[in-house]
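Trainee: Once you've had a glance at the structure underneath, I'll fire off some questions.
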Amino acid sequence: MTAAQDLGSTLEGPFTARRHPAIQVRFLRAAFSFPAMLSVCFCLLMLLTVRGRFNDPDMWWHLKVGEIIWHSHSIPRTDQFSYTTNEHPWLPHEWLSQLAMYAAYRMGGYTGLWCWLFGLAALLLVSVYWLCSLYSGNSKLSMLGGLVAWFFGTVGLAVRPLILGHLLLVAELLVLHLARSRGRAWMWALPPLFALWVNCHGSYALGIIVLGIDVICSFIGLRAGRLFCVRREPQERRALCIVFLLCLAALMINPVGPKLLSYPLNTLTQQTESLAHISEWQPTDIANPRGAGFFALAGAFALIFLLRPVQLELESLLLLLVGFAMALQHVRLLFAFGILAAPILCRLLADAWDGYDPDHDNRTANALLIAASIVVMIYAFPSRSNLERQVQDHSPAAAVEFLRQTGIPGPMLNEYEWGGYLIWALPKQKVFIDGRGDVFDWTGVFGEYGRWATLQEDPEILLSKYRIHFCLLRAASPMARVLPYLPGWQNVYTDSQAVVFARK
């Protein structure tokens with residue numbers, strides 16, 4: 001008798017008196033299966049990854065926007081946080097994600113907000129694993145796909161709307177696969193998915209590209225060596241085209257209308273200063289570990305196709321090319337590339353490892369691993385004091401308390417990365433700049449600040465133009481060494497992180 005049969009017979013006893021004992025046993029066998037055990041291990045991996053990531057500088061202004069929407073029941077249409085933009089028109093295009101973030105904070109404070117991050121991140125990674133299992137038919141090999149998605153996802157795992165947008169990308173890929181393999185009725189889930197997506201994150205534009213590739217390939221019949229594409233039945237093509245049009249119409253279900261739909265294009269064409277200087281928008285560099293992994297994976301795809309007797313669908317090739325092109329241009333898009341590449345990689349390597357056989361599963365060992373993973377997760381779960389310490393370690397919390405107590409009047413000039421925290425922690429003091437690169441790029445403030453912070457022009461030009469009264473800077477910043485030598489400025493506060501200079 002195998003270990004699985006032994007566990008099954010052991011579990012069968014307590015349920016023999018019940019009405020449906022076989023259902024109970026099947027449920028427990030599935031709960032302690034290899035895929036279930038691996039899913040729990042992925043949750044543990046994600047918890048260990050994000051437990052120290054409660055420090056994203058953009059988290060704070062996202063949270064503040066959510067608070068405004070929660071209390072005012074309206075979406076702000078102009079900049080309310082900075083004095084330098086003169087209330088320039090601005091739209092929080094991720095308003096629904098920001099509202100969800102604030103709801104999590106309102107229910108559980110820092111712990112609730114971190115649980116929001118962990119819950120979405122774990123769900124995303126487990127969903128990618130199951131997507132890879134469906135694509136490849138090999139639940140064991142799909143572990144590799146989950147690790148690929150995790151590795152590239154670490155570039156953007158933070159309390160930001162980005163993670164919700166990429167979770168919806170995984171949902172779209174799941175729906176498209178189920179529509180092809182289990183029946184086209186699944187595709188009717190896409191319009192409501194896009195109606196939700198457009199209000200959560202700008203990555204819906206990538207979702208439209210993915211769906212458009214699926215529509216185009218449905219009309220193509222191709223066989224060129226090991227590259228192929230199967231032309232679908234007329235009824236299926238017609239239904240897919242209707243769904244595509246309904247998805248485009250669903251994008252209009254937002255509180256702004258067509259203007260919201262132009263934002264992704266505006267980001268790439270009208271926000272040149274922020275894209276050129278913000279690190280996550282820089283091209284992928286092979287010297288970076290993720291960049292090296294990116295180019296290595298691209299090479300691995302080429303070698304697999306050349307050396308192994310595998311066939312590649314045209315749709316998969318197009319998705320890989322789109323993901324590769326995006327990630328090559330911008331580091332932050334490595335996250336999306338990992339999601340697109342993982343299931344295709346698993347499909348190409350599906351026969352490289354024996355598939356999962358439920359009849360030979362060692363459920364006792366799986367149960368022990370599940371229990372051990374849960375124990376580690378409980379032990380590693382960050383406490384509130386741990387989260388508060390992360391905030392203090394990465395934000396000018398002590399300097400903000402000094403400003404709050406002394407009441408130094410503005411206008412203030414602050415570090416770019418600290419603007420979001422100041423919006424949240426010092427709401428009565430408007431900031432000079434913050435992580436919303438769009439509105440500061442449109443108004444020219446981003447360029448002015450960049451020249452000032454990098455000493456490309458006389459510091460007095462910007463200080464005089466905006467009549468700056470005090471500066472909150474990093475203690476190690478170049479300007480922190482320059483200001484003491486400018487006439488009329490004095491150091492009024494210093495700690496290991498921050499320094500405050502005020503006019504005499």
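Read-outs throughout are calculated quantities, based only on the coordinates presented, and are distinct from any laboratory measurement. Not measured: the values here are computed from a predicted model. Cβ coordinates were reconstructed from backbone atoms using ideal geometry, including for glycine residues, and neighbour counts include every protein chain displayed.
Trainee: Once you list every other residue whose beta carbon is under 15 Å from the beta carbon of VAL439, what net charge do they have if Lys and Arg are +1 and Asp and Glu are -1?
Mentor: After counting each charged neighbour, the total is -4.
Trainee: Does anyone have the angle between helix 34-50 and the longest principal axis of the chain? Alpha-carbon axes, 0 to 90°, nearest 10?
Mentor: The helix 34-50 is inclined about 10 degrees to the chain.
Trainee: If I measure Cβ to Cβ between cysteines in the chain, which ones have no partner under 4.7 Å?
Mentor: Cys with no partner Cβ under 4.7 Å: CYS41, CYS43, CYS115, CYS200, CYS217, CYS229, CYS241, CYS247, CYS471.
Trainee: Please tell me the relative contact order of the stretch 337-466 in percent, rounded to the nearest whole number, where contacts are Cα pairs under 8 Å and at least six residues apart.
Mentor: 12 percent
Trainee: Right, here's the next one. Using only the Cα atoms, what convex hull volume per residue in Å³ does the stretch 395-503 have?
Mentor: 93 Å³
Trainee: Something else now. Which whole-number percent is the relative contact order of the stretch 113-192 (Cα, under 8 Å, 6+ apart)?
Mentor: Dividing the mean separation by the residue count of the stretch 113-192 yields 30 percent.
Trainee: Additional query: So if I take the centroid of the Cα atoms in the stretch 381-422 and the same for the stretch 228-274, what is the distance between those two points in Å?
Mentor: 40 Å
Trainee: Could you calculate, for the stretch 168-285, the ratio of the Cα radius of gyration to the Kirkwood radius, expressed as Rg to Rh?
Mentor: 1.05
Trainee: If neighbour count is taken as other Cβ atoms inside 10 Å, put LYS64, LYS504, LYS259 in order from fewest to most.
Mentor: Lowest count first: LYS504, LYS259, LYS64.
Trainee: Obtain the nm distance between the two label points defined at CYS241 and HIS73 by a simple spin-label model: each point lies 7 Å from its Cα along the Cα-to-C-beta direction.
Mentor: 4.4 nm
Trainee: Here is a follow-up. Write out the trypsin sites (Lys or Arg not before Pro) in the stretch 388-432 meeting two conditions: DSSP loop, and at most 10 other Cβ atoms within 10 Å of their Cβ.
Mentor: Of the trypsin sites (Lys or Arg not before Pro), the ones in loops of the stretch 388-432 whose Cβ has at most 10 other Cβ atoms within 10 Å are LYS428.
Trainee: Among the lysines in the chain, how many pairs, 8 or more places apart or on different chains, have alpha carbons under 24 Å apart?
Mentor: Here the count comes out as 8.
Trainee: Where in the stretch 294-318 does the amide nitrogen come within less than 13 Å of the point 7 Å from the Cα of LEU222, taken along Cα to Cβ?
Mentor: 312-318
Trainee: So how do VAL391, VAL25 line up by other beta-carbon neighbours within 10 Å, fewest first?
Mentor: Fewest-to-most ranking of VAL391, VAL25: VAL391, VAL25.
Trainee: Indicate, rounded to the nearest 5 percent, the antiparallel portion of the DSSP beta bridges found entirely in the chain.
Mentor: Percent antiparallel among DSSP bridges in the chain is about 70.
Trainee: To the nearest 10 degrees, how steep is helix 234-250 against the longest Cα principal axis of the chain, on a 0 to 90 scale?
Mentor: The angle comes out at about 20 degrees.
Trainee: P(r) for the stretch 54-142: what percent of alpha-carbon pairs falls in each 5 Å bin, starting at zero?
Mentor: 3, 13, 17, 17, 13, 11, 10, 8, 4, 3, 1, 0
Trainee: Let me ask you something else. Would you kindly state how much longer the chain becomes between VAL310 and ASP458 on full extension, computed as 0.36 nm times their sequence separation minus their alpha carbon distance, in nm to one decimal?
Mentor: Between VAL310 and ASP458, full extension yields 47.1 nm more.
Trainee: Taking every alpha carbon pair in the chain, what does the distance histogram look like in 20 angstrom bins from 0, in percent?
Mentor: 20, 49, 26, 6, 0
Trainee: Can you tell me the relative contact order of the stretch 395-503? Whole percent, Cα pairs under 8 Å, sequence separation 6 or more.
Mentor: After rounding, I find 27 percent.
Trainee: Which whole-angstrom value gives the distance between the alpha carbon centres of the stretch 291-334 and the stretch 438-469?
Mentor: That distance is 41 Å.
Trainee: Follow-up. Report the one residue of LEU91, TRP186, ALA205 whose Cα lies farthest in the direction of the positive end of the charge dipole of the chain (charges on C-beta: Lys and Arg +1, Asp and Glu -1; origin at the Cα centre).
Mentor: Value: TRP186.
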